[in-house]
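The values are calculated or read from the model by the stated rules, or taken from the named source; none is laboratory data. All values derive from a computational prediction rather than experimental measurement. No Cβ is skipped: glycine too gets one built from the backbone with ideal geometry, and neighbour counts run over all protein chains shown. We work out accessible area using only protein heavy atoms, side chains counted, and drop any ligands, DNA or RNA first. Shrake-Rupley method; radii C 1.70, N 1.55, O 1.52, S 1.80 Å.
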There are 2 protein chains.
Amino acid sequence: MSSSIMHDEIFEQPAALTRALTEGRSAVTALVAEAKRRDVRYLVLAARGTSDNAATYAKYLIQITCGLPAALAAPSVHTLYQADVDYRGALVIGVSQSGAGEDINEVVARAKKAGALTAALTNTADSRLAQEAEHTLLCHAGVEKAVAATKTYTTTLALFALLAAEWSGHNELHRGLERIADVAAQALTVEAQVQELARTLIHAERILTVARGLHLCTAIEAALKLAETSYITAQPFSSADLLHGPIASVAFNIPCLLFAPKGQTAAGIAEVAGSLRQKAARVLLLAGGDTEGAAALPLADPGTELLSPIVDILPAQLLAYHLTLARGLDPDNPRGLTKVTITR
Amino acid sequence: MSSSIMHDEIFEQPAALTRALTEGRSAVTALVAEAKRRDVRYLVLAARGTSDNAATYAKYLIQITCGLPAALAAPSVHTLYQADVDYRGALVIGVSQSGAGEDINEVVARAKKAGALTAALTNTADSRLAQEAEHTLLCHAGVEKAVAATKTYTTTLALFALLAAEWSGHNELHRGLERIADVAAQALTVEAQVQELARTLIHAERILTVARGLHLCTAIEAALKLAETSYITAQPFSSADLLHGPIASVAFNIPCLLFAPKGQTAAGIAEVAGSLRQKAARVLLLAGGDTEGAAALPLADPGTELLSPIVDILPAQLLAYHLTLARGLDPDNPRGLTKVTITR
């Protein structure tokens, strides 16, 4: 396999996950203890780009496992409209690998003043975000050099999963996290198959990525990875929303990447796969469990679907990488992008 | 102009807005009174498709004007994962024109059991959603027959604006709502210009719709309308997120519909317009106020940008309609769609 920074960082993920979960543990425990002491009633997650996709995972996971409402912030409410929002009873977590985004910092600063407990989830210990927040959860992913974020995404998911496990005392989550690095390593063994799949997509102008519920983050992040590196027009959909209109625009031979990990969403995704095949779309199923037989690519099984998003994105990262190479482009230098995007 | 159900319903909107705001008022007042009596601390909005785009407006508007956190629900948390979420202190509003979506009904039913104050925002008085919720806000839009929702979208926005006005005592909102029907009628006078613009897009395979903050709902709803009727590949973006990756996939001559109503987001949208022009994209600016001179289409001015989304979607609805006709398609019969989509 040819090498690049992005490729190296994709394969650093099993080790990075281990570091995040061991070195990051005490900070998670401390945050959960204070959140319970202060009777936190709901969570708000403030993020942009890849970090926002990671926050989407947390939005579902925290509600499912902790029974607390969890929501994505709208940073411009504060940065453009200077609104004072009453955050008493909230835990507000700013999520940013660089910790340099001014808008996320502003949300956290305002939330702290408005009575929230605040935390930073970042890969940069001395960032402004970490200074602003009362608690800091560190990815311990090592410096991420590629413009397309990979290891900071999966370590962020892992820290959210650890947070949910500590908060809820969920045994399946704890047990699954103990072996998640090994499952990630296994998920990366599909590289040769992914490379072959990438070759069949060289001339595709458009691709749909589809998942549901807890796994929506995987569809959104896969679309972002594909778009920012290979320049394909990638549209992420919840399988539930796809049927509310957008399916009308699906035409002959459009490749559709469907994520169907073992669990509650698999049956619904199989149904959507049927509807898409009826429209003669090209269904590419990434599946675990029972439906694996019909799959274009197998998904690794972390023992509980609650952790699947951490490993299911790996074949999609590889696909973005290999499609980019197959198109004669440089995955390490997407046009018009820089590593840190500042939103004013 | 040629006629169709969708076209008729687009032009029914000024009258429908008047009905929603007059006939709907007492229900809004009653809901706000009970919410304050019960010390509601935050709002959760549960919706799908077009209704979810309307809820996105409310998410911003409620936070900006009422200073209360407002969030979009993740229905599958309840329907697929059977999670019990602690909704004490929440007002949970189910939004659905038909009121028939089982998943939204389930969110409302569970929220009521879990301690939330609940409301339905629907166009169907005898729907299950209305029966399930403690309060009902009715669109009074009349039966909507076209598959592509138009008048139920704008009347839903108007009811959310009325809710925000009553809750916050915001004078600008109240004053603006008094004349919003007239401003909507004015917004529809651009039809001839829109028809001309539609002709230039006949062969476009892809279009981007871009807005920011409070106006994000307009970009998302415009993309949905365009995709479900004309089958163009339409991708909505927050201008803040577009720079985090997706801009890499923007290529020569791609039409980009930018919404720049007068207000806090106009400067940022102008900046993004510059970046897109540098990439030789075809920038189509819908603008009000100072930047109107450079605009492809003017936006009507409701006096406060807080109400702009109610009228800014109208030229986009007309564009979807005329692009569909120009392509020789039937706006009243999008392939593969039905009026009520049931998500299980």
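Brief remarks on what is shown
- Of all the options B:L319, B:L80, B:L214, the one that moves most in a Gaussian network model of chain B with Cα springs shorter than 10 angstrom is B:L80.
- By the helix-only formula, in which each DSSP H run with n ≥ 4 contributes -39500 (n - 2.57) and the sum is divided by residues, chain B has a 222 nm mean residue ellipticity of -14500 deg cm²/dmol.
- A convex hull fitted around the alpha carbon atoms of region A:206-315 yields 87 Å³ per residue.
- Complex-versus-alone comparison for region B:78-114, residues with a loss of 10 Å² or more in accessible area, probe 1.4 Å: B:L80, B:Y81, B:A83, B:D84, B:V85, B:D86, B:Y87, B:R88
- Residue order for B:K279, B:K225, A:K262, A:K113 - accessible surface, 1.4 angstrom probe, largest first: A:K113, A:K262, B:K279, B:K225
- Percentage relative contact order, chain B, counting C-alpha pairs under 8 Å, at least six apart: 20
- Region A:117-194-region B:170-216 distance, computed between alpha-carbon centres (Å): 42
- Mean partner shielding of peptide B:233-240, defined as the number of other chain Cβ atoms within 10 Å of each residue Cβ, is 5.
- Computed accessible area, B:H322, all protein chains, 1.4 angstrom probe, square angstrom: 10
- Assigned charges on the beta-carbon of Lys, Arg, Asp, Glu; region A:191-249 dipole about Cα centre (debye): 100
- For region A:161-261, size of Cβ-based charge dipole, Lys and Arg +1, Asp and Glu -1, in debye: 200
- Rg over Rh [alpha-carbon atoms, Kirkwood Rh] for region B:146-212: 1.09
- Most mobile listed residue (A:L91, A:L72, A:L318) in chain A, GNM with C-alpha springs under 10 Å: A:L72
- Once Rg and the Kirkwood radius are both taken over the C-alpha atoms of chain B, their ratio Rg/Rh works out to 0.96.
- Surface analysis of chain A yields an accessible area of 33 Å² per residue, using protein heavy atoms and a 1.4 Å probe.
- Cα radius of gyration and Dmax for region B:137-272 (Å): 16.7, 48
- Computed accessible area, B:K36, all protein chains, 1.4 angstrom probe, square angstrom: 110
- Distance cut-off 45 Å, percentage of C-alpha pairs in the protein assembly as shown lying past it: 13
- Only Lys, Arg (+1) and Asp, Glu (-1) charged, at Cβ; region B:183-326 dipole about Cα centre in debye: 360
- Local net charge near B:Q13, Cβ-Cβ under 15 Å (Lys/Arg +1, Asp/Glu -1): -3
- Cross-link partners of A:K112 among aspartates and glutamates (Cα-Cα below 18 Å; sequence separation of 8 or more within a chain): A:E34, A:D39, A:D84, A:D86, A:E102, A:D103, A:E132, A:E134
- Proximal charge balance of B:V32 [Cβ under 15 Å; K/R count +1, D/E count -1]: +1
- Overall form of region A:5-181 per C-alpha gyration tensor (a/c, 1.5; a/b vs b/c): oblate
- Coordinate range of the alpha-carbon atoms in region A:1-105 per principal axis, descending: 52, 33, 22 Å.
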